[in-house]
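Right, one structure below, let's go through it.
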Amino acid sequence: MARGGVAPSWRKPAGALGIVAWILAWIVLVASFSHWIGQLHVLAQLPIYVVTGIVWILPLGGVLRWMETGRWRRA
């Protein structure tokens, strides 16, 4: 048991592994379109990579909340 008599949660390591898996899957997905995206003009590529560089973060809020509280949604 951890200090204070509280057993450590399995959710944090599971969530961390899930986040790493999500990032790897997102990289593979975006990279699979790289040939098509690379044929576009640089100014057309920019918004695509900016959006895909930000969108992957959105689902992590629920995972981080679950890791801390055990609930997916706010109470």
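The values are calculated or read from the model by the stated rules, or taken from the named source; none is laboratory data. Values in this document were obtained by computation on a predicted structure and should not be read as measured data. All Cβ positions, glycine included, derive from the backbone under ideal geometry; neighbour counts span all protein chains shown. All accessible areas refer to the heavy atoms of the entire protein, side chains included, with ligands and DNA or RNA removed. Shrake-Rupley method; radii C 1.70, N 1.55, O 1.52, S 1.80 Å.
Some observations on this one:
- Dividing the mean sequence gap of close Cα pairs (under 8 Å, 6+ apart) by how many residues the chain holds gives a relative contact order of 37 percent.
- If only the Cβ of Lys and Arg carry +1 and only the Cβ of Asp and Glu carry -1, the dipole of the chain around its Cα centre is close to 460 debye.
- Computed helical MRE - 222 nm, the chain, DSSP H runs ≥ 4 contributing -39500 (n - 2.57), nearest 500: -21500 deg cm²/dmol
- A probe of 1.4 angstrom, applied to the heavy atoms of all protein chains, finds residue 20 with accessible area near 80 square angstrom.
- Principal axes of the chain: Cα extent on each, largest first, Å: 59, 23, 16
- Angle in degrees between helix 60-69 and the longest Cα principal axis of the chain, rounded to the nearest 10: 0 degrees
- For the chain, the solvent-accessible area with a 1.4 angstrom probe is 80 square angstrom per residue.
- For segment 29-75, with all protein chains in place and a probe radius of 1.4 Å, 71% of the accessible heavy-atom surface sits on carbon or sulfur.
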